[in-house]
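Taking it in order: structure first as structure tokens, then the write-up.
The values are calculated or read from the model by the stated rules, or taken from the named source; none is laboratory data. Small disclaimer: the values here were computed from a predicted structure and weren't measured. Ideal geometry is used to build each Cβ from the backbone, glycine not excepted, and the neighbour counts take in all protein chains shown. With ligands, DNA and RNA removed, areas are computed over all heavy atoms of the protein, side chains included. Shrake-Rupley method; radii C 1.70, N 1.55, O 1.52, S 1.80 Å.
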Amino acid sequence: MLTSMNSRTVFAATVAALTLAVPGLAWSEGQTAVSPTGLAGEAVADEGQARISTQGGLPGKGPGKAAMGAGKPGGNRLQFPQTRAIYDPAGGRKGRNVARPDMPLCSNWQGGPKGTLLPAGGGDGPLPPPGQHGMIALGFSEACDGGEGLLKFSSRGDGFFAEGTIYREDIGTYTAPDGTRVVNDRERQTYRIAAGWIGQDGSFLSFGTRRVERDKVLFQGIGPGSDTRKFDVEGYDLAGKIMLDGDFASQLRFKINHNQIDKITDNFTYRTVAAEQKVETVLDGTSVNAMAAIDGGDAGFKWTLGLDYASDQRDADKFRGATLAPYSTNFADAKVAVTGLTADGTWAFGTGRRLLAGLRVEHVDASLGDMDRSFAAPTPRQLLQQTYGYTGNGKTTETNFGAKLRFEQDLSDNRGLWFAGLSYTPRTADPRERYFTGYSGVLEKIWIGNPDLDPERHVMLELGGGMRSGPWTLAGRAYADWARDFIIGDRARGQAGILVSDNRNIYRNVDAFIGGLEGAATYEWKNGVYAGAEIWLTYGQNTTDDRAIAQIPPAEAALKLGWKGGQVLFEGTWHLVASQSRLDDDISTGSGADGDGSGNALGAGYGTLDLAANWTPRKNTSFSVGVENVFDKAYVPLIERGDTDNPFLFNPTAPGRSLWARAIIRF
């Protein structure tokens with residue numbers, strides 16, 4: 001029967017089926033997937049887990065990123081200048097503030113090599129290039145005696161390929177410009193190897209295995225804290241593509257990632273404490289991310305149908321005292337699993353006009369498998385009932401829907417394009433938001449997840465574009481996001497649905513508005529000199545409580561001046577960050593997440609100057625040197641890292657003036 005139906009008919013039938021499943025178009029949550037692996041093969045982790053996160057495409061990433069789950073439908077859409085997003089309203093607790101690879105190596109606790117040793121943009125494709133290739137890269141930062149090294153190799157012949165990666169990172173403690181000694185030690189090793197088959201028509205099958213080891217990550221926060229003495233991620237990856245010879249579809253793609261996480265934190269391996277004050281937390285986790293998609297269409301209409309599955313399972317207990325006796329549970333076999341169906345299409349009509357559309361329906365299964373696990377502290381069931389009045393069995397199911405519509409218009413002479421988009425992007429709560437039970441004798445350090453959280457629902461309107469015209473390169477984007485049931489961390493003060501008023505840490509739903517402006521401009525003179533600027537303005541308001549949302553980036557700009565001639569490039573960058581006056585820094589009225597935990601607000605403005613030079617003597621060889629924070633400015637960034645042991649977010653004073661060097665050789 002399928003052979004008698006064209007691609008337009010199949011896509012229209014799928015859209016109709018999904019639409020009919022939505023009574024009154026009253027849609028709720030949608031679009032989730034476990035975060036993908038990085039260049040060196042490490043799974044993005046959150047308290048040791050690959051996180052459940054939105055999948056509809058990061059705001060501001062332009063055409064080809066709007067597909068809602070299965071990836072972009074095929075097409076020849078114009079590549080155009082784009083802004084760089086720093087905030088994603090639907091990114092979840094850890095993903096709203098997008099990873100910033102442009103941070104100094106010593107401060108980039110998310111690790112390299114992307115952005116610290118190698119360029120942050122782009123990435124490797126699913127297959128290595130034909131022939132034998134390799135890369136050796138080394139980097140060093142004077143500020144923290146930080147060093148990193150990367151070795152990559154690949155071999156691809158007729159019908160077969162193999163590739164591997166080894167990466168190591170060793171970062172040390174440093175003294176900040178204000179004299180503060182910042183505990184910053186962390187070590188990481190990554191190993192990855194993959195091999196597979198390649199067909200002459202472009203079909204392939206690939207299998208890979210990887211391992212990440214973090215043997216030492218010292219806690220930088222306030223108070224004694226806990227350090228990570230073991231953080232291992234072991235993963236397996238299966239991917240493939242089958243080229244189809246038919247009028248209905250052109251190719252079938254699939255990918256499966258499996259991660260096993262083993263993490264141990266304690267307060268005694270790298271510091272001295274009394275025996276009775278010893279604390280150890282052991283976490284085991286498993287995450288799975290799988291997808292399959294089929295692509296088809298013609299020059300005027302291209303489509304993708306996809307099926308995906310993502311799960312995030314965590315189990316963690318805390319032990320205390322001289323004998324490290326069981327004390328409490330953090331995750332009592334918590335799991336969130338999502339199965340989704342997506343349909344995406346791109347219609348080309350007129351001259352350089354396209355309409356991109358996507359629909360998604362998903363089913364969420366969430367559970368807390370061992371609610372009555374009993375140690376010295378109250379059980380998870382008791383803590384959930386005490387905090388929220390929860391009387392359920394720990395299980396929750398959701399059926400969620402999402403949609404996206406985007407119009408694109410190319411500019412004349414292939415100079416660029418402009419776009420307008422409207423999307424409905426839901427997000428289901430992750431295991432920490434739902435089920436975390438971090439118990440402590442200090443009320444302000446208790447964290448209790450909320451199993452009754454509703455999914456976030458984001459309605460986003462965005463407008464933007466980019467162009468190249470003569471010496472100018474320009475890009476801009478504006479977005480407005482109206483969020484229902486936005487999930488925030490807060491303090492218990494007897495709010496609706498909260499039975500206690502003792503300042504413990506909780507999660508709750510609120511309505512919110514988030515808006516942003518992004519802009520970028522570069523002008524290049526014929527003599528090789530260029531000047532550029534980027535700017536970001538972000539606003540976030542909790543409209544339910546009429547207060548600022550925590551951890552909203554302050555106004556920021558980056559001004560660049562450089563010269564490129566032949567094999568040499570020189571560049572200076574002046575980073576300007578305004579003071580953030582809209583803070584959530586008081587635990588008596590909000591979450592206090594924008595404070596330092598001692599009653600002091602963060603968010604002071606600052607400016608730093610960085611200088612860099614690059615020499616490329618040959619096409620495959622590059623040497624770079626530079627100085628970060630030339631004027632040795634003492635500053636503390638507002639956007640912070642979180643730690644499960646201490647509810648107060650914390651960022652140390654950034655490194656001062658420091659020399660860095662990098663070398664990359666490809667062969």
Across segment 295-306, what is the number of residues that are open to solvent by 40 Å² or more (accessible area, probe 1.4 Å) and without any contact (Cβ under 8 Å) to a residue 60 or more places away in the chain?
-> 1
Screening P101, P129, P119 for residues that are open to solvent by 30 Å² or more (accessible area, probe 1.4 Å) and at pLDDT 90 or above leaves only P129
Selection over segment 413-430 where residues are farther than 30 Å from V279 by Cβ and either without any contact (Cβ under 8 Å) to a residue 24 or more places away in the chain or under 25 Å from the mean Cα position of the chain (by Cα) (or both) yields a count of 11
Specify the residue that is least open to solvent (accessible area, probe 1.4 Å); the eligible residues are those in segment 383-396 that are hydroxyl-bearing (S, T, Y) and touching a residue at least 24 places away in the same chain (Cβ under 8 Å).
-> T387
Kindly establish whether A492 is surrounded by fewer than 20 Cβ atoms within 10 Å (Cβ to Cβ) and of a type outside the set (V, I, T).
-> no
Looking at (1) among the hydrophobic types (A, V, I, L, M, F, W, C); (2) within 30 Å of Q220 (Cβ to Cβ); (3) touching a strand residue (DSSP E or B) at 6+ places or on another chain (Cβ under 7 Å), which is the only condition M243 fails?
-> (2)
Picked from segment 422-449 (must be part of a loop (DSSP other than H, G, I, E, B) and among the hydrophobic types (A, V, I, L, M, F, W, C)), the residue nearest to A334 (Cα to Cα) is F436
Out of the residues in segment 558-590 that are open to solvent by less than 60 Å² (accessible area, probe 1.4 Å) and over 26 Å from the mean Cα position of the chain (by Cα), which is modelled with the lowest pLDDT?
-> I587
Which residue pairs have Cβ atoms closer than 7 Å, lie 6 or more positions apart in sequence or on different chains, and pair a first residue in segment 510-536 that is more than 26 Å from Y87 (Cα to Cα) with a second residue that is of a type in the set (D, E)?
-> Y530/E524
Would you tally the residues in segment 450-477 being under 21 Å from the mean Cα position of the chain (by Cα) and closer than 20 Å to G92 by Cα?
-> 7
For segment 495-512, how many residues meet the condition of being open to solvent by 20 Å² or more (accessible area, probe 1.4 Å), assigned to a strand (DSSP E or B) and out of contact with any Ser or Thr (no Cβ under 6 Å at 6 or more places or on another chain)?
-> 2
Scan segment 255-277 for residues that are over 20 Å from R192 (Cβ atoms) and buried (at least 17 other Cβ atoms within 10 Å of the Cβ) and jot them down.
-> I264, T265, D266, N267, F268
Taking segment 406-451 and keeping only residues that are aromatic (F, W, Y) and within 16 Å of R381 (Cα to Cα), one is left with Y435, F436, Y439, W447
Which ones in segment 159-188 are closer than 20 Å to K633 by Cβ, in contact with a helix residue (DSSP H, G or I) (Cβ under 7 Å, 6 or more places away or on another chain) and in a strand (DSSP E or B)?
-> Y174
Could you list, in sequence order, the residues of segment 397-418 that are in contact with a Pro (Cβ under 7 Å, 6 or more places away or on another chain) and buried (at least 21 other Cβ atoms within 10 Å of the Cβ)?
-> N400, G402, E408, G416
Residues in segment 456-479 that are open to solvent by 20 Å² or more (accessible area, probe 1.4 Å) and of a type outside the set (S, T, N, Q) total 13
Complete set of residues in segment 320-336 that are at negative phi and surrounded by fewer than 18 Cβ atoms within 10 Å (Cβ to Cβ) | A322, T323, A325, P326
Selection over segment 145-158 where residues are assigned to a loop (DSSP other than H, G, I, E, B) and open to solvent by 60 Å² or more (accessible area, probe 1.4 Å) yields a count of 2
Is it the case that some residue within segment 340-359 is at pLDDT 95 or above and under 28 Å from G494 (Cα atoms)?
-> no
Here are T538, T544: which of them is touching a strand residue (DSSP E or B) at 6+ places or on another chain (Cβ under 6 Å) and either part of a loop (DSSP other than H, G, I, E, B) or more than 26 Å from D610 (Cβ to Cβ) (or both)?
-> T544
Subset tally (residues that are open to solvent by less than 30 Å² (accessible area, probe 1.4 Å), within 23 Å of the chain's Cα centre (by Cα) and hydrophobic (A, V, I, L, M, F, W, C)) for segment 193-242 | 7
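Check segment 602-613 and report whether any residue there is under 23 Å from I136 (Cα atoms) and either at pLDDT 90 or above or surrounded by 18 or more Cβ atoms within 10 Å (Cβ to Cβ) (or both).
Yes - at least one qualifying residue is present in segment 602-613.
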